[in-house]
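K.L.:
Structure in structure tokens, see below.
Read the figures in this text as sums done on the coordinates, not as results from a lab. The shown structure was predicted, so the numbers you read here are calculated from the model rather than taken from an experiment. Cβ placement follows ideal geometry from the backbone for every residue including glycine, while neighbour counts extend to all protein chains displayed.
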Amino acid sequence: MRVLVVDDNEIFLRNLTVALVALGKDCDMAADGDAAMRLMDVRSYDVIVTDLVMPARGGLTLANYASYRAPDVPVVLMTGSAHGAYGELVGQTNNTAMLLRKPFRTEDLNAVLDYLYARRGPRLAASTHSLPRGASCASLPG
């Protein structure tokens, strides 16, 4: 399972990524929404895990981009904020699947990732790029 992990807190980002790799996940890290969008343009992911509040482009902006770029890829939002009712944010984009409040146990996130991956099923294509206009699977060379 390929996971994109996005957080502006470098220590948290590194620790979470190392823990997920130890649990068998193939992870890429991005320190902000812009870097995550650049990665999404060249790689495909099974799940995206992103901090909700980041400078410049936050988790909702990234989730909106993901719903355009990879509409079948679920997005898990994370927040360390104790303020606000963030539950209504889940569902504001087509692929926002869950909101986790920090701190959380890595094992709990791992269970969520496994569930979302199993629910999603196999990827239809290994590429992040769509078929050219007018093309169909039947028109692709053998």
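K.L.:
Gain in length, Ser44 to Arg119, computed as 0.36 nm per residue apart minus the alpha-carbon separation, to one decimal in nm?
P.N.:
Net length gain for the segment: 25.3 nm.
K.L.:
What order, most packed first, do the peptides 71-81, 33-43 have when packing is the mean number of other Cβ atoms within 10 Å of each residue?
P.N.:
Highest mean packing first, the order is 71-81, 33-43.
K.L.:
Oh, and also: Give me a comma-separated list of calculated 3J(HN,Hα) values for region 100-107, in order, Karplus coefficients 6.51, -1.76, 1.60 applied at θ = phi - 60°, integers in Hz, x for any Gly or Pro.
P.N.:
After applying 6.51 cos²θ - 1.76 cosθ + 1.60, I find 10, 8, 7, x, 9, 7, 4, 4 Hz.
K.L.:
May I pose another question? Given points 7 Å out from each Cα along the Cα-Cβ axis, report the Arg69 to Asn9 separation in nanometres with one decimal.
P.N.:
Between Arg69 and Asn9, the label points sit 2.4 nm apart.
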